[in-house]
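Handing you this structure, nothing more for now.
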Amino acid sequence: MRIGLVVDSGCDLPKSFIDAHGLLVLPVSIRLGEQLIVDDRDPLRTRHFYATEAAEKAHGAESVPFTMEQIKTLFLEKVVLDFDYALVQTVPKSRSPIFANATEASHAILREYKPIRKQAGVEGPFALRVTDSQTLFAGQGVLAAATARLIESGMKITEIRQTVEVLASQATGYAVVPDIYYLHKRAKKRGDKSVSWAGALLGNALDIKPVLCARQDETFPVAKMRGFDAGAEAMFRHAVRCIERGLSAPVICISYAGDENLIRQMPGFDKLTEAARAKDVALLLTPMGLTGAVNLGPGALSLGMIVDDPTFLE
């Protein structure tokens, strides 16, 4: 059975990993004034975004995800011919209509795929399953990376589905943002009251940076640090302790809303590298997708792991 994995562009994974493992990306467009930028995890387009003034204007941007019809068309033209079973993983349904659109499209796809496969000479049935990742950015990336490993292990699809359900409940994304007021403006735009106006102003004035956690479709602060570097170091230190305690999947994703090479220069990253090497944990570094950059702001850092206990270990 040919099993494929489909993610949306909010899933922070390196393009090299996406290509090497044959993942299909559902693009999300970013509307920035009169400009429409397609976020399909293309490294050149992403780097251009960060290198221009577009990144500084991102707080006013709006995301435009694939519609139900666009998802259906993509699957009927490509996925139903390339695979026998497709696993679709999306940004949380509370954050975007992508999950709802993909779920609605799946019903139409299953009604319409048979003549398409028959005409192409592809035998056998096609099926798909849409999963809410329950986390964000690098957290979504690590779930996809772990799923790709399961597919390549030769595990049966029923076992993969069951395992992914557990992993999705444990997939955890952490983030540190340089500008709390930017985060407040974006949260207010979505109707999210987790970052108050007073808290945003006070945080910026005192250079207090919260470490945020996205898990099981909830987002909440787990620590507060003085300065971005201290926040990044605390997040890396927490990852080291999680590695030592044991991860549910041996992979960590890290994304940065800017030049990803700067991640290696951040305090604490060297110790994370050593711990990962000692326990044979893969570290995947990538530029944060435009969806993440728009919501967290330029210069934001995200780290994803799969852990049974999300308690932040400072």
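Do the conditions hold for ALA249, that is, is it among the small types (Gly, Ala, Ser), within 20 Å of the chain's Cα centre (by Cα), surrounded by fewer than 20 Cβ atoms within 10 Å (Cβ to Cβ) and at pLDDT 95 or above?
no
Suppose we keep only residues that are in a loop (DSSP other than H, G, I, E, B) and modelled with pLDDT under 85 within region 3-46. Which one would you say is farthest from ALA293 (Cα to Cα)?
GLU34
Ok, one more. What number of residues within region 136-179 satisfy the criterion of being in contact (Cβ under 8 Å) with a residue 12 or more places away in the chain, part of a helix (DSSP H, G or I) and not aliphatic (A, V, I, L, M)?
Total meeting the criteria: 11.
Does PHE49 satisfy being within 29 Å of GLU218 (Cβ to Cβ), assigned to a helix (DSSP H, G or I) and either in contact (Cβ under 8 Å) with a residue 12 or more places away in the chain or hydroxyl-bearing (Ser, Thr, Tyr) (or both)?
yes
Could you list, in sequence order, the residues of region 252-267 that are crowded, with 19+ Cβ neighbours inside 10 Å and modelled with pLDDT of 95 or more?
Across region 252-267, the qualifying residues are ILE252, CYS253, ILE254, SER255, TYR256, ILE263, MET266.
Additional query: So how many residues does region 1-17 have that are among the hydroxyl-bearing types (Ser, Thr, Tyr) and farther than 24 Å from GLU62 by Cβ?
Qualifying residue count, region 1-17: 1.
If ARG2 satisfies every condition in (1) surrounded by fewer than 17 Cβ atoms within 10 Å (Cβ to Cβ); (2) charged (D, E, K, R); (3) farther than 16 Å from ALA148 by Cα but one, which is the exception?
Against the list (1) surrounded by fewer than 17 Cβ atoms within 10 Å (Cβ to Cβ); (2) charged (D, E, K, R); (3) farther than 16 Å from ALA148 by Cα, ARG2 comes up short only on (3).
Looking at region 196-207, can you tell me whether even one residue there is in contact with a Gly (Cβ under 6 Å, 6 or more places away or on another chain), of a type outside the set (A, V, I, L, M), modelled with pLDDT under 90 and not assigned by TED's automatic domain parsing to the domain that holds ALA127?
Looking for residues that are in contact with a Gly (Cβ under 6 Å, 6 or more places away or on another chain), of a type outside the set (A, V, I, L, M), modelled with pLDDT under 90 and not assigned by TED's automatic domain parsing to the domain that holds ALA127, one finds at least one in region 196-207, hence yes.
Only one of these is assigned by TED's automatic domain parsing to the domain that holds GLN119, within 21 Å of the chain's Cα centre (by Cα), on the phi > 0 side of the Ramachandran plot and of a type outside the set (Asp, Glu): ARG95, ARG41, ARG45. Name it.
Exactly one of ARG95, ARG41, ARG45 is assigned by TED's automatic domain parsing to the domain that holds GLN119, within 21 Å of the chain's Cα centre (by Cα), on the phi > 0 side of the Ramachandran plot and of a type outside the set (Asp, Glu), namely ARG41.
Could you list, in sequence order, all residues of region 224-273 that are assigned to a strand (DSSP E or B) and either within 25 Å of THR46 (Cβ to Cβ) or of a type in the set (Asp, Glu) (or both)?
VAL251, ILE252, CYS253, ILE254, SER255, TYR256
A further question follows. May I ask you to verify whether SER94 is surrounded by fewer than 18 Cβ atoms within 10 Å (Cβ to Cβ) and at pLDDT 85 or above?
yes
Does THR103 fit the bill of being part of a helix (DSSP H, G or I), polar (S, T, N, Q) and over 23 Å from the mean Cα position of the chain (by Cα)?
So THR103 fails the test.
Collect the residues in region 268-280 that are surrounded by fewer than 21 Cβ atoms within 10 Å (Cβ to Cβ) and under 17 Å from SER302 (Cβ atoms), keeping them in residue-number order.
GLY268, PHE269, ALA276
Give region 108-122 a look and list any residue that's among the small types (Gly, Ala, Ser) and either loosely packed, with under 12 Cβ neighbours inside 10 Å or without any contact (Cβ under 8 Å) to a residue 40 or more places away in the chain (or both), or say none.
ALA120, GLY121
For residues that are in contact (Cβ under 8 Å) with a residue 12 or more places away in the chain, of a type outside the set (Ser, Thr, Tyr) and more than 13 Å from SER133 (Cα to Cα), tally how many sit in region 72-96.
The number of residues fulfilling the criteria is 12.
The values are calculated or read from the model by the stated rules, or taken from the named source; none is laboratory data. It should be emphasised that the depicted structure is a prediction, and the values quoted were computed from it without experimental measurement. Heads up, the Cβs are rebuilt from the backbone with ideal geometry, glycines too, and the neighbour counts pull from every protein chain shown.
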